[in-house]
1. Is it the case, given these coordinates, that PHE91 is surrounded by 15 or more Cβ atoms within 10 Å (Cβ to Cβ) and among the hydrophobic types (A, V, I, L, M, F, W, C)?
2. Quick one: in the stretch 94-105, which of the residues that are more than 28 Å from GLN42 (Cβ to Cβ) and in contact (Cβ under 8 Å) with a residue 24 or more places away in the chain is surrounded by the most Cβ atoms within 10 Å (Cβ to Cβ)?
3. Any idea how many residues of the stretch 106-121 are without any contact (Cβ under 8 Å) to a residue 12 or more places away in the chain and either β-branched (Val, Ile, Thr) or in a helix (DSSP H, G or I) (or both)?
4. Among the residues of the stretch 12-32, which ones are exposed (fewer than 14 other Cβ atoms within 10 Å of the Cβ) and not in a helix (DSSP H, G or I)?
5. Tell me, which residue of the stretch 103-162 that is under 21 Å from VAL85 (Cα atoms) and over 20 Å from the mean Cα position of the chain (by Cα) is modelled with the lowest pLDDT?
6. Could you please give the count of residues in the stretch 87-105 that are touching a helix residue (DSSP H, G or I) at 6+ places or on another chain (Cβ under 9 Å) and either over 13 Å from ARG5 (Cα atoms) or not in a helix (DSSP H, G or I) (or both)?
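The values are calculated or read from the model by the stated rules, or taken from the named source; none is laboratory data. Quick caveat: nothing in here was measured; it's all calculated off a predicted structure. Backbone-built Cβ (ideal geometry, glycine too); neighbour counts: all protein chains shown.
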Amino acid sequence: MPYDRYIAICKPLHYGTLLGSRACVHMAAAARDSGLLNALLQSSNTFSLPLCQDNALDQFFCEIPQILKLSCLGADLSEAGLLVVALFIGFGCFVYIVVSYVQIFRAVLTIPSEHGRNKAFSTCLPHLAVVSLFIITVTVSYLKPPSTSSPALNLVVSFLYAVVPPALNPLIYSMRNQEIKDALKKLILQLIFHQH
């Protein structure tokens, strides 16, 4: 998404050539492959650990840090290695997003009309908000000290990064489409006037 916004705002005349189907396939493959690599490393490490504690997790899905807590071995070294790999992949994505948005904001600030700046910002800020919510909640979940960990906090934070961003994406990106906005307004007006 940051690359799409960067090309649309900073190089609009080259959008069709820079963001063609080949570029989209390469980006999708890179996202899939990095996620697959991370999942394989984390899963193979997790399955190799002997589990000797109760098998009840304080989560609504099976998350690796929670599984590592069930291990008989001191999972500190395994957890540190997995954290380094995940941080490396995550940090690469984070740097890419930050660099893209710095370039976008620099280009937007040079737009002479206020309407043009507002339109450009309105296409970027929803994505930036969802990404920020995801990054902040993942960081809190994975890097908080175990002494401050409570089952309720773990559940809320994991819900915030696992469910909320994917649920918000279709809503945020569809609201940029004027036809969907008009249909939603019409639906809300019908609901309001039929209730009275």
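1. no
2. ILE104
3. The total comes to 10.
4. Within the stretch 12-32, just GLY20 meets the criteria.
5. Within the stretch 103-162, the match that is modelled with the lowest pLDDT is PRO146.
6. 6
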